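**Student:** Got a structure for you, questions after.
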């Protein structure tokens with residue numbers, strides 16, 4: 001006779017299924033439920049908890065969406081202090097640290113455990129009877145802040161541990177970080193939307209964890225690696241750091257797979273040197289390798305000196321920071337009118353690159369960091385690429401008349417008054433005829449992702465605008481009739497002029513998504529442009545759409561919809577669109593309608609490397625035409641990586657995440673509706689795939 005489950009038993013069953021599925025997906029990278037199945041079960045649990053509030057437990061997956069905003073973070077005292085680490089930077093200082101530990105212990109040798117030093121935020125998470133009950137920041141090592149609601153939103157953090165050998169109370173420690181690929185996507189989206197970019201993944205992780213409203217933290221794709229046990233009660237833990245990592249993994253915690261145990265300092269140094277080879281392929285920042293005496297009994301005997309344990313040290317990589325003089329703060333004007341301050345520096349080498357300019361973000365950030373012209377400042381390369389000013393150097397000395405920085409009240413390009421954006425920290429020039437904005441817009445319109453007009457770069461865009469040969473982007477299509485004026489420009493010979501005219505003429509036939517992107521509408525990147533093109537099929541339809549129609553499209557929110565609608569209803573823009581049509585620029589989407597029943601519809605592809613019969617753009621367009629998505633970075637949500645020759649780090653990441661990899665022949669099969677058998681596929685080099 002069948003029995004009906006009670007709400008209590010069904011809720012318990014759903015929690016177990018969902019927490020296991022979450023572990024399989026985010027920790028093991030082996031999904032066992034489809035997104036739709038997971039969402040349906042989560043919604044069922046949410047409904048049960050709404051109807052029966054007493055069913056909500058601390059390990060409920062519904063807590064991952066965040067909790068009501070808090071007024072402040074409560075202090076949390078660490079029963080066992082969270083110590084800092086001493087640093088070594090070369091073979092000599094590393095060997096000296098190791099020998100000091102042996103001398104203190106009066107032994108001849110000791111095994112070492114090596115772990116990547118993740119550039120994130122250290123946290124301590126307490127589990128009681130296997131259930132997450134508290135999470136705290138490191139703080140000063142003795143006292144941190146209670147961030148339990150925020151930590152629960154991170155999918156890599158188990159709400160309940162797995163296994164029957166877990167101590168009754170156990171504090172686990174680890175590092176929360178912002179994946180580089182997700183951080184890059186975030187900044188690309190902000191740049192496309194005309195918003196200031198965030199500084200680096202570590203600061204973004206810190207800011208995300210310290211949101212008083214955990215529903216905001218839930219929107220950030222934070223990740224975490226666990227690396228140690230702080231303390232445990234009512235149970236046993238391994239007496240080895242390396243075995244502790246294995247226990248953490250067995251209990252359902254995500255650990256970094258690079259960790260290894262070695263017997264000699266020579267083996268340790270060899271492993272540390274090998275990290276330089278894999279560092280560019282990692283999706284998280286590291287600034288060194290943590291080395292620990294493996295035996296925890298020996299760790300206890302060694303103890304600490306001040307706040308530094310004798311049993312561990314960090315082998316730090318060469319500094320990515322340097323100190324130099326900030327000579328001047330200047331500004332430029334972006335194509336959206338944003339006034340962007342930047343630092344002019346006395347040239348200095350940072351991470352092997354000579355830096356003479358660096359970003360300063362915005363006026364608010366400059367004054368928060370208290371940076372002023374004439375200061376000695378710390379400069380770093382954010383994400384190993386973008387130079388930025390961190391703040392004044394410790395030895396900075398200012399003259400008595402030094403003043404906080406203020407952006408001038410008038411635009412540096414057109415002298416019109418600037419305005420402060422009420423919603424953001426931006427200061428903008430709103431003069432639609434501002435020459436600097438138009439120069440940037442013209443350069444953007446001609447750029448490779450847009451109309452791809454070869455020869456029309458930054459310098460020529462400025463010259464054309466400043467000599468009044470072009471006053472709006474449609475004017476470039478009339479330059480053929482002004483050849484004499486064009487030839488009168490400096491260093492403009494007949495051949496160069498003809499090549500430019502030919503490239504402009506060819507750009508008329510570019511696909512509609514490129515035109516939409518090239519118009520420079522705030523918030524529209526290349527992917528959104530592609531979506532809009534396929535949705536509306538021509539430019540007039542897009543410009544006639546109201547905000548309700550726009551927000552109905554996946555990926556377009558109310559802010560972007562308003563931006564598009566406002567642009568489309570501005571008279572000069574309407575005139576521009578009509579003129580582009582009159583001049584013969586393609587404004588129609590001639591791509592085929594996505595197949596209704598193609599096997600790859602809805603799947604996500606990444607194209608990398610050099611293909612024989614497709615360019616990467618052609619390959620991406622081919623999958624989009626069949627209703628699939630083409631993105632630029634590999635993640636757990638990627639269904640297939642198409643790998644050509646010299647595929648590089650994306651192939652490495654796909655192999656680590658067990659993302660199926662297609663060679664070109666298999667890719668052609670899949671486009672024809674034949675899903676190839678990849679059961680025998682193993683990790684391979686790109687050349688072997690072709």
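**Student:** Say whether the condition of being closer than 23 Å to residue 577 by Cβ and either without any contact (Cβ under 8 Å) to a residue 24 or more places away in the chain or over 37 Å from the mean Cα position of the chain (by Cα) (or both) is met by at least one residue in the range 445-455. Write out each step before concluding.
**Tutor:** We begin by selecting, within the range 445-455, every residue closer than 23 Å to residue 577 by Cβ; these are 445-453.
Pick out the ones that are also either without any contact (Cβ under 8 Å) to a residue 24 or more places away in the chain or over 37 Å from the mean Cα position of the chain (by Cα) (or both) and you get 448.
Yes: one or more hits.
**Student:** Can you tell me which of (1) modelled with pLDDT of 75 or more; (2) buried (at least 18 other Cβ atoms within 10 Å of the Cβ) is the one residue 66 doesn't meet?
**Tutor:** Exception for residue 66: condition (1).
**Student:** Could you tell me which numbered condition residue 592 fails, if it satisfies all but one of (1) modelled with pLDDT of 90 or more; (2) outside any helix (DSSP H, G or I)?
**Tutor:** Condition not satisfied by residue 592: (1).
**Student:** I've got another one for you. Being more than 22 Å from the chain's Cα centre (by Cα) and either closer than 17 Å to residue 172 by Cα or outside any strand (DSSP E or B) (or both) is the filter here, so list the residues in the range 263-289 that pass it.
**Tutor:** Going through the range 263-289, the residues more than 22 Å from the chain's Cα centre (by Cα) turn out to be 263-274, 289.
Residues satisfying the conditions are 263, 264, 265, 266, 267, 268, 269, 270, 271, 272, 273, 274.
**Student:** Here's a follow-up. Is it the case that the range 403-413 has a residue that's in a strand (DSSP E or B) and either modelled with pLDDT of 90 or more or more than 27 Å from residue 461 (Cβ to Cβ) (or both)? Lay out the reasoning, then the answer.
**Tutor:** First, pick out the residues of the range 403-413 that are in a strand (DSSP E or B): 410.
The next check asks that each one be either modelled with pLDDT of 90 or more or more than 27 Å from residue 461 (Cβ to Cβ) (or both); those that pass are 410.
Within the range 403-413, one or more residues are in a strand (DSSP E or B) and either modelled with pLDDT of 90 or more or more than 27 Å from residue 461 (Cβ to Cβ) (or both).
**Student:** What number of residues within the range 665-690 satisfy the criterion of being in contact with a helix residue (DSSP H, G or I) (Cβ under 8 Å, 6 or more places away or on another chain) and modelled with pLDDT of 75 or more?
**Tutor:** Of the residues in the range 665-690, 4 are in contact with a helix residue (DSSP H, G or I) (Cβ under 8 Å, 6 or more places away or on another chain) and modelled with pLDDT of 75 or more.
**Student:** Within the range 83-108, which residues are under 20 Å from residue 272 (Cα atoms) and without any contact (Cβ under 8 Å) to a residue 40 or more places away in the chain?
**Tutor:** Scanning the range 83-108 gives 90, 92, 93, 96, 99.
Each row is one residue, and each column tells you yes or no for (1) within 18 Å of residue 112 (Cβ to Cβ); (2) over 36 Å from the mean Cα position of the chain (by Cα); (3) buried (at least 16 other Cβ atoms within 10 Å of the Cβ).
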residue	(1), (2), (3)
293	yes, no, yes
298	yes, yes, yes
309	yes, no, yes
315	yes, no, yes
321	no, no, no
326	no, no, yes
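**Student:** Yes or no: the range 237-246 includes at least one residue that is surrounded by fewer than 19 Cβ atoms within 10 Å (Cβ to Cβ), in the same structural domain as residue 175 (by TED's automatic domain parsing) and free of Cβ contacts under 8 Å to residues at least 24 places away in the same chain.
**Tutor:** So far as the range 237-246 goes, yes, one or more of its residues are surrounded by fewer than 19 Cβ atoms within 10 Å (Cβ to Cβ), in the same structural domain as residue 175 (by TED's automatic domain parsing) and free of Cβ contacts under 8 Å to residues at least 24 places away in the same chain.
**Student:** Go through the range 575-598 residue by residue and tally those that are surrounded by 14 or more Cβ atoms within 10 Å (Cβ to Cβ) and in contact (Cβ under 8 Å) with a residue 12 or more places away in the chain. Reasoning before the result, please.
**Tutor:** Keep residues of the range 575-598 that are surrounded by 14 or more Cβ atoms within 10 Å (Cβ to Cβ), which gives 576-581, 585-589, 591, 594-595, 598.
Among the residues that remain, those that are also in contact (Cβ under 8 Å) with a residue 12 or more places away in the chain are: 576-577, 579-581, 585-589, 591, 594-595, 598.
Going through the range 575-598 one residue at a time, the tally reaches 14.
**Student:** So, of the residues in the range 236-262 that are in a helix (DSSP H, G or I) and more than 28 Å from the chain's Cα centre (by Cα), which turns out to be nearest to residue 294 (Cα to Cα)? Walk me through it before giving the result.
**Tutor:** To start, the set of residues in the range 236-262 that are in a helix (DSSP H, G or I) comprises 241-250.
Subsequent filtering for residues that are more than 28 Å from the chain's Cα centre (by Cα) retains 241-244, 246-247, 250.
Numbers: 241: 5, 242: 6, 243: 9, 244: 10, 246: 13, 247: 14, 250: 19 Å.
The selected residue is 241.
**Student:** I'm told residue 210 meets every condition in (1) closer than 20 Å to residue 15 by Cβ; (2) surrounded by fewer than 19 Cβ atoms within 10 Å (Cβ to Cβ); (3) in contact (Cβ under 8 Å) with a residue 40 or more places away in the chain except one. Can you identify the failing condition by its number?
**Tutor:** For residue 210, the failing item is (1).
**Student:** Does residue 131 count as buried (at least 18 other Cβ atoms within 10 Å of the Cβ) and over 15 Å from the mean Cα position of the chain (by Cα)? Give the derivation first.
**Tutor:** On the way: buried (at least 18 other Cβ atoms within 10 Å of the Cβ): no; over 15 Å from the mean Cα position of the chain (by Cα): yes.
Criteria not met by residue 131.
**Student:** Of the numbered conditions (1) farther than 15 Å from residue 214 by Cβ; (2) buried (at least 22 other Cβ atoms within 10 Å of the Cβ); (3) at pLDDT below 90, residue 140 satisfies every one except a single condition; which is it?
**Tutor:** The single condition residue 140 does not satisfy is (2).
**Student:** Can you tell me how many residues within the range 599-629 are outside any loop (DSSP other than H, G, I, E, B), surrounded by fewer than 16 Cβ atoms within 10 Å (Cβ to Cβ) and touching a helix residue (DSSP H, G or I) at 6+ places or on another chain (Cβ under 7 Å)?
**Tutor:** Looking only at that region, the number is 0.
**Student:** Working carefully through the options 538, 472, find the one that is touching a residue at least 24 places away in the same chain (Cβ under 8 Å) and more than 34 Å from the chain's Cα centre (by Cα). Let's see the steps before the verdict.
**Tutor:** On the way: 538 fails: more than 34 Å from the chain's Cα centre (by Cα).
The match here is 472.
**Student:** Which condition number does residue 250 fail, the rest of (1) more than 17 Å from residue 97 (Cβ to Cβ); (2) out of contact with any strand residue (DSSP E or B) (no Cβ under 6 Å at 6 or more places or on another chain); (3) modelled with pLDDT under 90 being met?
**Tutor:** Every condition holds for residue 250 apart from (3).
**Student:** Look at residue 634 and say whether it is assigned to a loop (DSSP other than H, G, I, E, B), modelled with pLDDT under 80 and either in contact with a strand residue (DSSP E or B) (Cβ under 6 Å, 6 or more places away or on another chain) or buried (at least 20 other Cβ atoms within 10 Å of the Cβ) (or both).
**Tutor:** Working: assigned to a loop (DSSP other than H, G, I, E, B): yes; modelled with pLDDT under 80: yes; either in contact with a strand residue (DSSP E or B) (Cβ under 6 Å, 6 or more places away or on another chain) or buried (at least 20 other Cβ atoms within 10 Å of the Cβ) (or both): yes.
Considered against the rule, which asks whether it is assigned to a loop (DSSP other than H, G, I, E, B), modelled with pLDDT under 80 and either in contact with a strand residue (DSSP E or B) (Cβ under 6 Å, 6 or more places away or on another chain) or buried (at least 20 other Cβ atoms within 10 Å of the Cβ) (or both), residue 634 comes out as yes.
**Student:** Scan the range 53-63 and tell me whether some residue there is more than 28 Å from residue 230 (Cβ to Cβ), surrounded by 14 or more Cβ atoms within 10 Å (Cβ to Cβ) and modelled with pLDDT under 80. Step through it out loud before you land on a result.
**Tutor:** As a first pass, look at the range 53-63 and keep what is more than 28 Å from residue 230 (Cβ to Cβ): 53-55.
Checking the rest, the ones that are also surrounded by 14 or more Cβ atoms within 10 Å (Cβ to Cβ) come to 55.
Adding the requirement that they be modelled with pLDDT under 80 leaves 55.
Yes.
**Student:** Just to be sure, is residue 223 surrounded by fewer than 17 Cβ atoms within 10 Å (Cβ to Cβ) and within 19 Å of residue 19 (Cβ to Cβ)?
**Tutor:** Numbers: surrounded by fewer than 17 Cβ atoms within 10 Å (Cβ to Cβ): no; within 19 Å of residue 19 (Cβ to Cβ): yes.
No; evaluated as a whole, the condition is false for this residue.
**Student:** Quick check: anything in the range 108-122 in a loop (DSSP other than H, G, I, E, B) and either at pLDDT below 85 or not assigned by TED's automatic domain parsing to the domain that holds residue 262 (or both)? Walk me through it before giving the result.
**Tutor:** The first filter runs over the range 108-122 and keeps only residues in a loop (DSSP other than H, G, I, E, B), leaving 108-111, 119-120.
Going one step further and asking which of them are either at pLDDT below 85 or not assigned by TED's automatic domain parsing to the domain that holds residue 262 (or both), we end up with none.
Among the residues of the range 108-122, not one is in a loop (DSSP other than H, G, I, E, B) and either at pLDDT below 85 or not assigned by TED's automatic domain parsing to the domain that holds residue 262 (or both), which makes the answer no.
**Student:** Among the residues in the range 502-520, are any under 23 Å from residue 338 (Cα atoms), touching a helix residue (DSSP H, G or I) at 6+ places or on another chain (Cβ under 6 Å) and modelled with pLDDT under 90?
**Tutor:** Within the range 502-520 (the criterion being under 23 Å from residue 338 (Cα atoms), touching a helix residue (DSSP H, G or I) at 6+ places or on another chain (Cβ under 6 Å) and modelled with pLDDT under 90), the answer is yes, since at least one residue qualifies.
The values are calculated or read from the model by the stated rules, or taken from the named source; none is laboratory data. Fair warning: this is a prediction, and the values are worked out from it, not measured in the lab. Don't worry about glycine lacking a Cβ; one is built from the backbone with ideal geometry, like all the others, and counts go over all protein chains shown.
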